[in-house]
Amino acid sequence: MTTITKDTIIADLLTIVPGAVPILQSLGMHCLGCPSAKSETLGEACASHGADADAVLAQINALV
């Protein structure tokens, strides 16, 4: 079983948990296929979108 962490790169996260797309988009993360998604971690993305990374992690890991 894979666990997503704050250090997981967004592009990797989407490969592992494609069902996370609606969760991320609801936070304003609409550019999930842009170049920054290949280098930005979930923690960084949450910080830049004003989201609680722990709450987002709980939602995403519930899908795994």
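Data table
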| quantity | calculated |
| --- | --- |
| FRET efficiency, 1/(1 + (r/R0)^6) with R0 22 Å, evaluated for residue 34 and residue 54 via beta carbons | 0.35 |
| Added length on full extension, which subtracts the Cα-Cα distance from 0.36 nm per residue, residue 9 to residue 26 | 4.3 nm |
| Listed candidates (1) 11.3; (2) 16.4; (3) 12.9 - label of the one calculated as Kirkwood radius over Cα pairs in Å | (1) |
| Dipole moment magnitude, nearest 20 debye, the chain about Cα centre, only Lys, Arg, Asp, Glu C-beta charged | 140 debye |
| Theoretical ellipticity at 222 nm over the chain - DSSP helices of four or more residues, -39500 (n - 2.57) apiece, nearest 500 | -13000 deg cm²/dmol |
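Every read-out reported here was derived from the displayed coordinates using simple, explicitly stated rules and does not represent laboratory data. The structure displayed is predicted, hence computed values, not measured ones. All Cβ positions, even for glycine, are placed from backbone atoms using ideal geometry, and neighbour counts span all protein chains on display.
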